[in-house]
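Notes follow once the structure below has been shown.
The values are calculated or read from the model by the stated rules, or taken from the named source; none is laboratory data. The structure displayed is predicted, hence computed values, not measured ones. In this analysis, Cβ positions are derived from the backbone assuming ideal geometry, glycine residues included, and neighbour counts consider all displayed protein chains.
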Amino acid sequence: MRIQALPGFRDFYPDTMAIRSHVFGAMRRVALRYGFEEYDGPPLEPLELYTQKSGDEIVAQLYHFRDKGDREVALRPEMTPTLARMVAPKATALKKPIRWFTIPQLFRYERQQRGRLREHFQLNCDLIGETGPLGDAEIVALAIDVMRELGLTAADVRVRMSDRRLLSGILAALGFDAALVPLAFQALDKVGRSEYAGRRQALIDRGVAAEPIARLEALGSIRSFEALELAFPGLALGGELRATFAAIEAMGLGEFLDLDLTIVRGLAYYTGTVFELFDAGRSLRAICGGGRYDHLLAALGGVDMPALGFGMGDVVLTELLKEKGLLPTGGTAADVFIAQVTADDRPFALGLAHQLRDLGFRVEYAIGDQALGKQFRLADARGARVVLVVGPDDRARGEVGVKDLARGIQGAVKLDAVAAELTALGCMRA
RNA sequence: GUGGUUGUAGCUCAAUUGGUUAGAGCGCCGGACUGUGGCUCCGGAGGUUGCGGGUUCAAUCCCCGUCAAUCACCCCA
């Protein structure tokens, strides 16, 4: 019986690890460009960190157990509680707004499907201590720029945005009782989908009349602030969201944005802007989701600070990049290969290899004494750019043979000029 | 958690109405090839046909269970 990875868990072989590093690299570069600082916390947390405020669904899907010290512990299913726990004790000392990001591995015990595993990595970016709509714009723009950094355009991904403050205003105008707002949000989330019928019935059962329900359904077709104004004249709704849209447009990223009032997000704690990133073809799950959660830190960490952020999972994003042909090809192996002609060349080859490695080149050579042809085949299989040929004759002249594998051209290069020649041939230095 | 589909070599796939020693391509290792790679040719390793049980003279094939993958639900990151 061969032991394999647990269901929903992934092995990252070098080829898939290269993809992961590519995606993480883009995430990090963009977050750093926005002035965000990286942090991390423990993957194992006290169970109660999640049972208190996370949704029932999250708690039901926790990986949890009792440790040897008789503590109830859980693998983290989301990052926000950890963030709240970490920020709280330093809240007064940290300069606001706090801009933090992290790429944690998160765990949930649920049945896996395409784009949904039992573990995934998720870029989390949070902006804490800022109430204005420009903060919202900053967060959404960061998410968009990660897409752009990876080669995706407005034709590939869409940002669908709404605002719970705006939605609450609409629901009030439609006569929904405050107690019915959560149920109405759930229904709105499902408008246009097969599951909507059940939510609609739930509203009817609670005594909601046909007309408010019809107008709730109609929110799905409102795609612009003009249409919103037309549908609800004189209400002056959505000022914050407009300001956020305007800021993102001023950044030149407006083409990614869609106003979509059916975006409410499943989690209960969102208080303002809510947004999701989808592939334009809508064939995949959400790439990213986030919003404003102004009271969550108080609930989790005991410090009342406005905050907003998003989580961007690696699984769906990588699926999309694969569909669009935007994944990197080629290995990450050495691009300089040193081939020795005779066994006597070994000490010289080792010295040269080490000098070049000290300079940052990625260097490999055959471990055993092998025929030159075989060494070339290994270099070729590795995808090396250059083979340095070291033989008795070359050594006698103080040179090495430098062969550009792609062009098949070889020349003799003096020892002190090898590094420059490698750079000229496109070999990278770490 | 519910239902459907699919499991044969590292990968992609074959194998006659159930029939004898489960094959091929790619990949991997070795050789032709001891101062030069990609191409070609030759050879080799690699399988409890996911696992367990049943029917049968005989099961990769039929039946049951189970595990896994996948799709649709449920829900969601």
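Tabulated values for the structure
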{"item": "Selection count where residues are within 8 Å of RNA strand B (Cβ to nearest atom) and within 15 Å of residue A:218 (Cβ to Cβ), scope the stretch A:182-199", "result": "1"}
{"item": "Counted residues, the stretch A:303-346 - those being without any contact (Cβ under 8 Å) to a residue 60 or more places away in the chain, surrounded by 20 or more Cβ atoms within 10 Å (Cβ to Cβ) and not charged (D, E, K, R)", "result": "5"}
{"item": "Residue in the stretch A:404-412 that is near RNA strand B (Cβ under 10 Å from one of its atoms), surrounded by 14 or more Cβ atoms within 10 Å (Cβ to Cβ), among the hydrophobic types (A, V, I, L, M, F, W, C) and closer than 15 Å to residue A:337 by Cβ present", "result": "yes"}
{"item": "Which listed residue is at pLDDT 95 or above, closer than 22 Å to residue A:293 by Cα, outside any strand (DSSP E or B) and among the hydrophobic types (A, V, I, L, M, F, W, C), from A:167, A:142, A:188", "result": "A:142"}
{"item": "Hits in the stretch A:118-129 - residues which are out of contact with any Asp or Glu (no Cβ under 8 Å at 6 or more places or on another chain) and under 18 Å from residue A:240 (Cβ atoms)", "result": "A:128, A:129"}
{"item": "Matching residues in the stretch A:373-397 - criterion: being near RNA strand B (Cβ under 8 Å from one of its atoms) and among the β-branched types (Val, Ile, Thr)", "result": "A:387, A:389, A:390"}
{"item": "Some residue of the stretch A:244-252 being surrounded by fewer than 20 Cβ atoms within 10 Å (Cβ to Cβ), in contact (Cβ under 8 Å) with a residue 24 or more places away in the chain and hydroxyl-bearing (Ser, Thr, Tyr)", "result": "no"}
{"item": "Residue A:364, sole failed condition from (1) assigned to a strand (DSSP E or B); (2) more than 8 Å from RNA strand B (Cβ to nearest atom); (3) more than 36 Å from the chain's Cα centre (by Cα)", "result": "(3)"}
{"item": "Among residues of the stretch A:341-361, those that are over 12 Å from residue A:422 (Cβ atoms) and not in a helix (DSSP H, G or I), counted", "result": "2"}
{"item": "Failed condition for residue A:340, given (1) in the same structural domain as residue A:219 (by TED's automatic domain parsing); (2) modelled with pLDDT of 90 or more; (3) polar (S, T, N, Q)", "result": "(1)"}
{"item": "Tally, over the stretch A:303-332, of residues that are away from RNA strand B (no atom under 12 Å from the Cβ) and hydrophobic (A, V, I, L, M, F, W, C)", "result": "8"}
{"item": "Exclusive hit being in the same structural domain as residue A:139 (by TED's automatic domain parsing), modelled with pLDDT under 90 and more than 10 Å from RNA strand B (Cβ to nearest atom), set A:261, A:300", "result": "A:300"}
{"item": "Qualifying residue in the stretch A:115-127 (condition: in the same structural domain as residue A:314 (by TED's automatic domain parsing), modelled with pLDDT of 95 or more and more than 16 Å from RNA strand B (Cβ to nearest atom))", "result": "yes"}
{"item": "Entirely in the stretch A:1-94, the helices (runs of 4 or more DSSP H) that have 1 or more residues that are among the basic types (Lys, Arg) and buried (at least 16 other Cβ atoms within 10 Å of the Cβ)", "result": "A:14-33, A:80-87"}
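For (1) assigned to a loop (DSSP other than H, G, I, E, B); (2) away from RNA strand B (no atom under 16 Å from the Cβ); (3) at pLDDT below 90, each residue gets a yes or a no:
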site	(1), (2), (3)
A:237	yes, yes, yes
A:242	no, yes, no
A:255	no, yes, no
A:265	yes, no, yes
A:268	yes, no, yes
